Amino acid sequence: MSVAFEKQLLRMMQNPPSSVADSAKQFASNYDMNIAMTCVPTPVTTGKRAILMQALVTAFSLPGAPPKAASGIVQGLTAFWIGVPVPGGAVTAFLGGPSLLASLSALSNPKISNEQAAKMIAQAMSLATAQVQYLIPPGPPLFLVPSP
């Protein structure tokens, strides 16, 4: 799990950005910098942050609708990862969507503190990222390994 992602997310939750677009931008940047780019092998995510941000703007624009927000995050990550280059190959699939959706949907409980939510989201995002499949020909499909 990315401790840096969790800490940045908690800061966002405690001091919410002034707009949905700012929230999406900060979340996408946090994911890209503190989870995606820390993976082994190191993916080349140039230009992908904007794709994730666009999906998050839609997801975060639905106040009081956690399942739709969770679905939007999964859709955003699916679009983010497909085709991302890794040294000698490329990402071929984001298989963490179903488990991520289930984990994020569980966060609709209003009794969860910001600290608990940040930790749970960070864990879910890291686990989902560990299910990003890539291929370096002629070898078999492999999975990214996020840094702890």
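The values are calculated or read from the model by the stated rules, or taken from the named source; none is laboratory data. What you see is a predicted model, and the numbers here were worked out from it, not measured in a lab. Positions of Cβ are generated from backbone atoms using ideal geometry, with glycine treated the same way; all protein chains shown enter the neighbour counts.
Brief remarks on what is shown
- Qualifying residue in region 53-68 (condition: of a type in the set (Ser, Thr, Tyr), under 18 Å from Gln123 (Cβ atoms) and surrounded by fewer than 21 Cβ atoms within 10 Å (Cβ to Cβ)): no
- Conditions (1) within 21 Å of Lys7 (Cβ to Cβ); (2) outside any loop (DSSP other than H, G, I, E, B); (3) of a type in the set (S, T, N, Q): number failed by Thr45: (2)
- Region 16-42, subset modelled with pLDDT under 95 and part of a loop (DSSP other than H, G, I, E, B), residue farthest from the chain's Cα centre (by Cα): Ser18
- Matching residues, region 31-71, being touching a residue at least 60 places away in the same chain (Cβ under 8 Å) and either under 17 Å from Ser105 (Cα atoms) or among the small types (Gly, Ala, Ser) (or both): Ala36
- Search result, residues across region 110-138 that are surrounded by 15 or more Cβ atoms within 10 Å (Cβ to Cβ) and basic (Lys, Arg): Lys119
- Scanning region 109-148 for residues that are part of a helix (DSSP H, G or I), touching a strand residue (DSSP E or B) at 6+ places or on another chain (Cβ under 9 Å) and small (Gly, Ala, Ser) gives a single hit, Ala128.
- Residue count for region 80-135 satisfying the condition of being more than 20 Å from Lys7 (Cα to Cα), free of Cβ contacts under 8 Å to residues at least 60 places away in the same chain and β-branched (Val, Ile, Thr): 5.
- Of all residues in region 1-23, those that are buried (at least 18 other Cβ atoms within 10 Å of the Cβ) have Cβ atoms under 6 Å from Cβ atoms of residues that are in a loop (DSSP other than H, G, I, E, B) and among the β-branched types (Val, Ile, Thr), 6 or more apart or on another chain, in Ser2/Ile35; Phe5/Ile35.
- Residue in region 99-115 that is at pLDDT 90 or above and within 21 Å of Ala50 (Cβ to Cβ) present: yes
- Test: residue in region 90-108 that is in a loop (DSSP other than H, G, I, E, B) and more than 19 Å from Pro148 (Cα to Cα): yes
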